[in-house]
Amino acid sequence: MYRFSTPWGDLDLTRYPAEPREQLRAWDAADDYLLRHLAATEPVPGGTTVVLGDRWGALATALAEREPVQVCDSFLGQQATLANLRRIGAEDRVRLLSARESWATWGAEGGPPRRVDLLLVRVPKSLALLEDQLRALAPAVHGGTVVVGTGMVTEIHTSTLALFERILGPTVTSLAVRKARLIHCTPDPDLPRTRGPWPLRYALPDGIGPMSGRTVTNHAGIFCADRLDVGTRLLLAHLPRRQGPDRVIDLGCGNGVVGTAAALANPDSDVLFTDESYQAVASAEATFRDNADPATAAQFLVADAATGVPAGSADLVLNNPPFHSHRATSDSSARRMFATARAALRPGGELWVVGNRHLGYHVQLRRMFGNCEVVASDPKFVVLRAVRRPPRAR
């Protein structure tokens, strides 16, 4: 836990899940710059505040008295926001919406507001996700809406500013302060409000097992949304050959191509697709529905790794873990995925992992499982297999 000093008081903030050894804070200079700008702005507009892309809830927590609406694609980000709000007794003051809800429940009870008076945007890593969300919220933006974005200098590019300008109106950027910038956008109500190109669908190439030639669906912000990444291609080419009523987990499912391939290879399996991204789980469900036998059982879960899976219930876990937390390189996500996968597996169950060679996942897997073997490799990636061993007899 680290203390964040804001113009409205000090906040003790954590990421989620909170790890005592974690060195990454729940805010950065971009969050601080935006909040200090708002505190110096007179008058700050009243009405409805929407906070878009708030990574760990630093903005929504600091502005809880305004009762903002937070729109976020990350389950972990939402949980961090809740934990940080509870710490100040303000969990009922912020309405949390997923990125999917900004489209699916537009204008409905509990959905995004029909009018936005203050729009704060934490620029995400994915320009596609930013575009999708700005287009979703644009109908609620009016000529008097104050729009302020923020991000680190390395996150704000000419293309970022062009996106704001194309969707909302004339846009300028501030000078850099502590390697962070602000984006100021003046809404133009006469700009057309149109949907973007998402979701994208493309056909996979031949030679990758059961998914050869099939179509995958990708909502905005999904990893490798316009092509099949090399690591996943290697895993698909070496999927385990299994038959019978297996319980399979596609852990960190992304667009669901791996879990769908497992379902096609073994129609008697029961596949759980899980990811911390709402956009990813929606993509996985669309990919599965378009390709799998309707009789094949499947569930779709937005969650923290495999924490929502009953212990000892899975036969096979397939995993291509991320090694970035936003722009910071970290193995914390992989470690949590491996640990929760081990807990979810029954004795004799297998975890199959694909990752970059240099990440050294085999060391972590041997430590957790007591075993690890290399199934396949190429110059950059490696497919690993670890088995949950039965408990030793006493």
When the Karplus curve 6.51 cos²θ - 1.76 cosθ + 1.60 is applied with θ = phi - 60°, which whole-Hz ³J(HN,Hα) does each residue of region 183-197 get, with x for Gly and Pro?
10, 10, 10, 9, x, 10, x, 7, 5, x, 9, 10, 6, x, x
The rounded separation in angstrom of the Cα centers of region 223-297 and region 356-394 is 21 Å
Alpha carbons only, please: Rg and Dmax for the chain, in angstrom.
22.0, 75
For all pairs of alpha-carbon atoms in region 47-199, what percent lies in each bin of width 10 Å, listed from the first bin to the last filled one?
11, 43, 37, 9, 0
Can you check what the net charge comes to around Phe288, using other residues whose Cβ is under 14 Å from the Cβ of Phe288 (Lys, Arg +1; Asp, Glu -1)?
-3
In square nanometres and to one decimal, what's the mean projected area of the convex hull around the Cα atoms of region 200-387?
9.5 nm²
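I want the local charge near Leu127. Using Cβ-Cβ distances under 13 Å, sum +1 for each Lys or Arg and -1 for each Asp or Glu among the other residues. Could the numbers behind the result be given before it?
Values: positive: Lys125, Arg135, Arg166; negative: Glu131, Asp132, Glu155, Asp226.
Within the 13 Å Cβ shell, the charges total -1.
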Compare Ile88, Ile167, Ile183 in a GNM of the chain, Cα atoms joined below 10 Å, and give the one with the largest fluctuation.
Ile88
Want the number for His157 to Gln243: 0.36 nm per residue separation, take away the alpha-carbon distance, what's left?
26.0 nm
What list of ³J(HN,Hα) couplings, whole Hz, do you get for region 373-389 from phi and the Karplus terms 6.51, -1.76, 1.60, once you set θ to phi - 60° and write x for glycine and proline?
10, 8, 8, 7, 7, 9, x, 10, 10, 9, 9, 10, 10, 10, 10, 6, 7
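Please give the net charge around Phe300, taking every other residue with its beta carbon less than 12 angstrom from that of Phe300, where Lys and Arg add +1 and Asp and Glu add -1. Mind showing how you got there, number by number?
On the way: positive: Arg100, Arg289; negative: Asp250, Asp275, Glu285.
So the environment of Phe300 carries a net charge of -1.
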Give me the mean projected area, in nm² to one decimal, of the convex hull enclosing the Cα positions of region 1-73.
5.1 nm²
Given backbone amide H placed at 1.01 Å from N, residues whose amide H is under 5 Å from that of Leu182, ignoring those fewer than 5 places away on the same chain, are Ser174
Once you charge only the Cβ atoms, +1 for Lys and Arg and -1 for Asp and Glu, what is the size of the charge dipole of the chain about its Cα centre, to the nearest 20 debye?
1180 debye
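Mind pulling up the Rg/Rh value for region 168-241? Radius of gyration and Kirkwood radius, both on Cα.
Values: Rg = 20.2 Å, Rh = 16.3 Å.
Rounded to two decimals, Rg over Rh is 1.24.
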Region 209-264 pair-distance distribution - Cα-Cα, 5 Å bins, rounded %:
4, 17, 32, 27, 13, 6, 2
Residue order, fewest to most surrounding Cβ atoms within 10 angstrom, among Met211, Met1, Met152:
Met1, Met152, Met211
Among Leu235, Leu24, Leu96, the residue with the largest mean-square fluctuation in a Gaussian network model of the chain built from Cα contacts under 10 Å is Leu24
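Bear in mind that the values in this text are calculations on the coordinates, not laboratory data. This is a predicted model, so every value here is computed, not measured. No Cβ is skipped: glycine too gets one built from the backbone with ideal geometry, and neighbour counts run over all protein chains shown.
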